[in-house]
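Below is one structure, written out as structure tokens; the observations come after it.
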Amino acid sequence: MRYSQMLLPTTRETPSEAEVVSHQLLLRAGFISKLTSGIYTYLPLGLAAVQKVAQIVREEMNRAGAQELLMPMVQPADLWIESGRWRKYGAELLRFTDRHERESCLGPTHEEVVTDLARRLLKSYRQLPKNLYQIQTKFRDEIRPRFGLMRGREFVMKDAYSFDVDDAAAGLSYQNMYDAYHRIFTRCGLDFRAVEADTGSIGGSFSHEFMVLAETGEDTLVICEDMQCGYAANVEKAAVAPPGGSVAGEAEDRVMIRVETPGMKKVAVVAEFLGATPKQVVKTMIFLADNEPVAVLVRGDREVQPVKLKNLLGATEVEPLDDKAAYDLTRLPVGYLGPVDLPLKTVADQEVMAMANCITGANEKQYHLTGVRPGRDFQPDLVGDVRRITAEDSCPSCGGSLRLTEGIEVGHIFKLGTAYSEAMNATFQDSEGRERSFVMGCYGIGVSRVVAAAIEQNHDDNGIIFPLPLAPFQVILLNLGLGSDAITSAAEELYRRLQEGGLEVLYDDRDERPGSKFKDADLIGLPFRVTVGKTLEKEGLIEIRERRSGEVEKVPPEQAA
RNA sequence: CGGGAAGUGGCUCAGUCUGGUAGAGCACAGCGUUCGGGACGCUGGGGUCGGAGGUUCGAAUCCUCUCUUCCCGACCA
């Protein structure tokens, strides 16, 4: 491609709307152009990068035995009513009515459509297993789109759906996709981890997220330092090992005492006032779980992990309440709450139950209790693992040490079981002639997000540094001697020969000064830069420079490869 | 939806407090000099100051309403 003919609007300045690096560089390097919040046009270079990812995904999906199809973007409400998600999905589902007053929506995902397809086309166990996928633009009316391609409302996604005869077979399909995902992200040249994850709104029983490690990630991961172990999980999910040590050791029975703690609502303040540490305090927080207030107890220095709480309660939605909302709802002395005689459903973190002698609120303004003994002085309705894991915790799998890191979710695979097939009555006949529901799995990859994630992980002050497999072109060829026939004809010749050699080449034939060309080349971030300029006249050589390392090699023009 | 910030030429921003002829740099067009890390000089084109209403002799500037965008939280590929 000749740069002079390409729509490739690079800018020197960073548009003020962009906060994260990938967004800034995508805009500056002329990859995308914003239409409105969370909705972008992919300019030629941006599209080329997206297509690189898509092609890798496609090849590996096909290799794994999946078949590509393309489902409609507009979907009838009927299907969503059948699955129950018309009600559950919420405002993220963009709904509208057509001219016949039929309710419809823009597809944020395709479980309903594909399940409908399966129940009509797949009748026999002999047709199974099947794995169907598509690469398509999805629409989710995100509450807050942000970070450019990282969280858009429109985005390119690969979604695959597997249909199996039973759980065991579905497990194989799941594993097959797990392996395919590993190959995909490895081929993309990304530093990633597969982690255990929460299943979220798609539902189902088991899932892994594929995370690209990058500082700007929206998720936090825990990774076991022991490479042998390989444990990795989203902190939303990461199980905390039950506390060791027995309570009996500190069994000297303390008596509960009520003490005045004027104006002390914060754990740290109370602890200091009483000559203790936050570790001896039980923190009582109010959450709203499916519209019912619940008191949650964790050690004073811990944080509640809402997703774990949600799963423990079996609730569909859980949110923390601030002091005012909590008071309005419960009329309790917020700031001085404690589990003793608390008139609310109470959930305790497992760790709290192992505390022998603790400080809690007294459920009375300006007062706390000391010497409280869980199990003796109060009995929670539910005990479980609800706190957020920390780097100080030990690996729940091997007991080794853990590391916390940020990640960008680029893929997510789920075991769905029969949730959708049962709801939508999607059945086939097994080998004994019985009707059975498909056992399903679903597997997503944020194709456009992969591009953003790759840039988050691979850039420097001068611009993008594309991993070779994702680069929209492999080489940028600079002609720095437009005034010189010798240089220009050498550059043209090289352009032709590189292409004939099977390389994708962006040929910068613009009438620009060398400085601008170098800057643009760095910004766009193609892996190799070939420069034809005055060194050709002086030494008869051209330069090949690797974008990532900056290493330069001078060779005669004939040898370029 | 809650909290915060911002809307002035294609981009980055000044001007707003204290009302009085709409500015700069970059980008764009022309001419000349330049030409290996975003050159320089001269000339030129381009702006309903987000929108509506109000106050005023006079509004980018003050008031009211509204729209949009960005950031922080809940959601997710």
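Just a few scattered comments:
- Against the test of being near RNA strand B (Cβ under 8 Å from one of its atoms), of a type in the set (A, V, I, L, M, F, W, C) and over 30 Å from A:S448 (Cβ atoms), the options A:L541, A:L536 yield a single qualifying residue, A:L536.
- Hits in region A:1-53 (condition: basic (K, R), within 13 Å of RNA strand B (Cβ to nearest atom) and out of contact with any Phe, Trp or Tyr (no Cβ under 8 Å at 6 or more places or on another chain)): A:R12, A:R28
- Strands (runs of 3 or more DSSP E) lying entirely in region A:274-337 (those with 2 or more residues that are more than 13 Å from RNA strand B (Cβ to nearest atom) and either open to solvent by 60 Å² or more (accessible area, probe 1.4 Å) or out of contact with any His (no Cβ under 8 Å at 6 or more places or on another chain) (or both)): A:282-289, A:292-299
- Qualifying positions in region A:269-297 - small (G, A, S) and farther than 24 Å from A:L309 by Cα: A:A271, A:G275, A:A276
- Only strands (runs of 3 or more DSSP E) whose full extent lies in region A:377-432 are considered here, and the ones with at least 1 residues that are touching a strand residue (DSSP E or B) at 6+ places or on another chain (Cβ under 6 Å), farther than 21 Å from A:N311 by Cα and open to solvent by 30 Å² or more (accessible area, probe 1.4 Å) are A:402-417, A:427-429.
- For A:L503, the requirement of being surrounded by 20 or more Cβ atoms within 10 Å (Cβ to Cβ) and assigned to a loop (DSSP other than H, G, I, E, B) is not met.
- Looking across region A:445-474, the residues that are open to solvent by 10 Å² or more (accessible area, probe 1.4 Å) and in a strand (DSSP E or B) come down to A:G446, A:H459, A:D460.
- For region A:138-159, the criterion of a residue being part of a strand (DSSP E or B), more than 9 Å from RNA strand B (Cβ to nearest atom) and among the β-branched types (V, I, T) is satisfied by no position.
- Qualifying residue in region A:139-162 (condition: more than 28 Å from the chain's Cα centre (by Cα) and within 19 Å of A:M440 (Cβ to Cβ)): no
- Yes/no for A:R193 being more than 11 Å from RNA strand B (Cβ to nearest atom), modelled with pLDDT under 95 and under 14 Å from the mean Cα position of the chain (by Cα): yes
- The residue that is nearest to RNA strand B (Cβ to nearest atom), among those in region A:477-500 that are open to solvent by 50 Å² or more (accessible area, probe 1.4 Å), free of Cβ contacts under 8 Å to residues at least 60 places away in the same chain and out of contact with any strand residue (DSSP E or B) (no Cβ under 7 Å at 6 or more places or on another chain), is A:G483.
- Residue ID - modelled with the lowest pLDDT, chosen from residues in region A:14-55 that are within 18 Å of A:F155 (Cβ to Cβ) and basic (K, R): A:K34
- Verdict on A:S33 being surrounded by 12 or more Cβ atoms within 10 Å (Cβ to Cβ), touching a residue at least 40 places away in the same chain (Cβ under 8 Å) and of a type in the set (S, T, N, Q): no
- Check on A:E60, surrounded by 18 or more Cβ atoms within 10 Å (Cβ to Cβ), within 12 Å of RNA strand B (Cβ to nearest atom), in contact (Cβ under 8 Å) with a residue 12 or more places away in the chain and acidic (D, E): no
- Qualifying residue in region A:318-340 (condition: touching a residue at least 12 places away in the same chain (Cβ under 8 Å), over 30 Å from A:Y89 (Cβ atoms) and under 32 Å from the mean Cα position of the chain (by Cα)): yes
- Residue identified as among the hydroxyl-bearing types (S, T, Y) and surrounded by 16 or more Cβ atoms within 10 Å (Cβ to Cβ) among A:T14, A:T41, A:T10: A:T10
- Selection status of A:R436, open to solvent by 10 Å² or more (accessible area, probe 1.4 Å), of a type in the set (D, E, K, R) and over 30 Å from A:A48 (Cβ atoms): yes
- Hits in region A:544-559 - residues which are farther than 17 Å from A:N479 by Cβ and within 8 Å of RNA strand B (Cβ to nearest atom): A:G550, A:V552
- Reported count of residues in region A:512-528, each being part of a loop (DSSP other than H, G, I, E, B) and within 8 Å of RNA strand B (Cβ to nearest atom), is 2.
- Filter result for A:R126 (loosely packed, with under 14 Cβ neighbours inside 10 Å and within 16 Å of RNA strand B (Cβ to nearest atom)): no
- Whichever residue in region A:521-561 is open to solvent by 20 Å² or more (accessible area, probe 1.4 Å) and touching a residue at least 60 places away in the same chain (Cβ under 8 Å) and, among such residues, is nearest to A:N462 (Cα to Cα): A:D522
- Hey, A:G65 in a loop (DSSP other than H, G, I, E, B) and more than 10 Å from RNA strand B (Cβ to nearest atom) or not: yes
- Close pairs from region A:502-520: first on the phi < 0 side of the Ramachandran plot, partner surrounded by fewer than 16 Cβ atoms within 10 Å (Cβ to Cβ), Cβ under 7 Å, at least 6 apart: A:V505/A:Q499; A:Y507/A:R2; A:D509/A:R2; A:D509/A:S4; A:R510/A:S4; A:D511/A:L482
The values are calculated or read from the model by the stated rules, or taken from the named source; none is laboratory data. Being a predicted model, the structure only gives us computed values, none of them experimental. Every residue, glycine among them, receives a Cβ derived from its backbone with ideal geometry; neighbour counts consider all protein chains shown. With ligands, DNA and RNA removed, areas are computed over all heavy atoms of the protein, side chains included. Shrake-Rupley method; radii C 1.70, N 1.55, O 1.52, S 1.80 Å.
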